[in-house]
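Rule-based calculations on the coordinates, nothing more; no lab input. Because the structure is predicted, anything quoted here is derived from the model rather than measured. Positions of Cβ are generated from backbone atoms using ideal geometry, with glycine treated the same way; all protein chains shown enter the neighbour counts.
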Amino acid sequence: MKAQELTSKTPDQLKDQLVALKKEAFNLRFQQATGQLESTARMRAVRRDVARVKTILNQKAAEAAASN
């Protein structure tokens, strides 16, 4: 997922995306604990995607606060 894709989304869409990513991260951690995880690189990618979404959300909030 690229940051440019995220900037075009609304804050509600970003929050939904964040919830989905956190669920995926939870499932990946569970799979790792039970020894079923095949791709450990996916955990890193999901963590970084969560960070990207949070960053874009914070930027949008700052822009909204600055415009008021």
**Item:** Anchor K22: aspartates and glutamates whose Cα lies under 14 Å away (excluding residues fewer than 8 positions away in-chain)
**Value:** D49
**Asked** Cα-Cα pairs above 14 Å in the chain: how many percent?
**Response** 62
**Request:** Report the full-extension gain for the segment A65 to K23: residue separation times 0.36 nm, less the Cα-Cα distance, to one decimal in nm.
**Result:** 12.2 nm
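What FRET efficiency, computed as 1/(1 + (r/R0)^6) with R0 = 30 Å and r the Cβ-Cβ distance, is obtained for Q4 and A33, rounded to the nearest 0.05? Could the numbers behind the result be given before it?
On the way: r = 35 Å, r/R0 = 1.15.
For R0 = 30 Å, the calculated efficiency reads 0.30.
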